[in-house]
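Visitor: Input: one structure, supplied below.
The values are calculated or read from the model by the stated rules, or taken from the named source; none is laboratory data. This one's a predicted model, so the numbers in the text were calculated from it and none came from an experiment. Virtual Cβ from ideal backbone geometry, glycine too; neighbours counted across all protein chains shown. Side chains included, ligands, DNA and RNA excluded: accessible areas come from the protein's heavy atoms. Shrake-Rupley method; radii C 1.70, N 1.55, O 1.52, S 1.80 Å.
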Amino acid sequence: MPQRFVTSILEALGHPAVIVGRDERILLANQAARDVLGVGIEGRHHAMALRTPAVLTAIARCLATRERAEARHSVPLGTRDQVFRVSVSSVEGADVDGALCILQDITATEEASQMRRDFVANVSHELKTPLTALMGFIETLRGPARNDPAAQERFLAIMDREAGRMNRLVRDLLQLSRVEAEERIRPSDPVDLAGLIQMTLATLRPMSRAAGIDVRFDPPAERPVIQGDADQLTQVFHNLIENGIKYGAPQTVVRVVMFPLQAPSGPMVRVDVIDQGEGIPAIHLPRLTERFYRVDTHRSRERGGTGLGLAIVKHIVQRHRGRLLVDSTIGEGSTFSVLLPVGQPNPAAGGGAG
Ligand code: ADP
């Protein structure tokens, strides 16, 4: 029968689709539509399956005027909504007369654009705070503090700090976008990881001394060589050790421990950065690597944080086909672990340049 022909076309569409007849009941539905809207929707009034008012209006309009219409429809899916763009077009022939509704899943696109909007809002907010301070102090220096050298010195010190904050933010944003752009290209230079960590520690020494924190690292006798990008790996351990110093308690120790590991995928090296700070409540752990996510915004800002350090770490580790693990106990401290595959680059794998 001709309806079989229409049904086979509906199945071939690759999106959930239903045809609403002139009697406003669902005449035909494909399997994808039954999966999303429920089994047994055929024969029922379309409002039972597609309850969104905008979709009902679009269907009514199409049935009345044969004009094409579009509307959004959302279906609860766990803790979030699955969002569809429903296009409604008039169809006629092969024993079928009504409105064809095709549901295109736009959840991922919607989420991506929401993330982009949130990101731009966050960046603007992060830049606006120091900028407002700078503009305020410029005005004060030109006005009330014009002839007050002591105040000028004080304000210039604050301006220096705020400009430094903007500078770090822009540097981290550029770094993050570079790492994200290269994430699929696996780096291929041989890197002596222990040597790289020793050099990173040397550059952080003044900071750890000023904070009264002792950073210890005993390189293992057998030094692993990994396939990587030395600059980016330096950034990873710089960010993790710097966080250990920033969030560690004074007169405590930050330990860096390196050891080999046999994973199902092959040999790996694990580096733990262990601090004795106040620890991170478990509820925050899954979100720590999100951009601008901070447990305590005030504390992060006070210590010169941008909220991007761990996001950068996560992307670099992913680029190296590694893993980042976080474990923390309140009152005892936190351990950030980086697991990286060990071994020389395999030329046959064609990993690309770092
Ligand atoms: P920030 O620039 O704020 O340090 P990060 O992305 O490096 O940004 O870290 C995100 C947040 O994770 C920090 O603001 C802090 O709240 C928390 N955090 C990171 N490392 C540690 C640590 N070693 N101990 C306690 N909290 C930490």
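Visitor: In terms of the ratio Rg/(2.2 N^0.38 Å) built on C-alpha atoms, what value belongs to the chain? Each step should come with its number before you reach the end.
Guide: Numbers: Rg = 29.0 Å, N = 354, 2.2 N^0.38 = 20.5 Å.
Expressed relative to 2.2 N^0.38 Å, the Cα Rg reads 1.42.
Visitor: Along Cα→Cβ, 7 Å out, is where each label goes; now give me the distance between the ones at residue 74 and residue 192 in nm to one decimal.
Guide: Computed distance between label sites residue 74 and residue 192 equals 5.6 nm.
Visitor: Oh, and also: What does the accessible area per residue of the chain come to in Å², with a 1.4 Å probe and no ligands, DNA or RNA counted?
Guide: Working: 19340 Å² over 354 residues.
On a per-residue basis, the chain sits at 55 Å².
Visitor: Could the peptides 117-124, 42-49 be put in order, highest first, of the mean number of other beta-carbon atoms found within 10 Å of their residues?
Guide: Working: 117-124: 12.4, 42-49: 16.0.
Ranking, from highest mean packing down: 42-49, 117-124.
Visitor: Helix 309-319 against the longest principal axis of the chain: what's the angle in degrees, Cα atoms only, rounded to the nearest 10?
Guide: 70
Visitor: DSSP loop GluC sites (Glu not before Pro) in region 164-231 with at most 15 other Cβ atoms within 10 Å of their Cβ, which ones?
Guide: Filter output for region 164-231: 183, 222.
Visitor: So what's the angle, to the nearest 10 degrees on a 0 to 90 scale, between helix 193-211 and the longest Cα principal axis of the chain?
Guide: Tilt of helix 193-211: around 70 degrees.
Visitor: Report, to the nearest 10°, how far helix 149-182 tilts away from the longest principal axis of the Cα atoms in the chain, using its own Cα long axis and a range of 0 to 90°.
Guide: 50
Visitor: Take the solvent-accessible surface of the protein heavy atoms, probe 1.4 Å, and return the percent of it on region 177-255 that carbon and sulfur atoms account for. Don't skip to the end; give the middle numbers.
Guide: Details: 1980 of 3990 Å².
Ligands and nucleic acids excluded, carbon and sulfur reach 50 percent.
Visitor: How high is the FRET efficiency from residue 85 to residue 22, r the C-beta distance, R0 30 Å, rounded to 0.05? Each step should come with its number before you reach the end.
Guide: Working: r = 24 Å, r/R0 = 0.81.
The formula returns an efficiency of 0.80 here.
Visitor: In region 56-119, carbon and sulfur make up what percent of the accessible area (probe 1.4 Å)?
Guide: Details: 1870 of 3710 Å².
Whole-percent figure for carbon plus sulfur exposure: 51.
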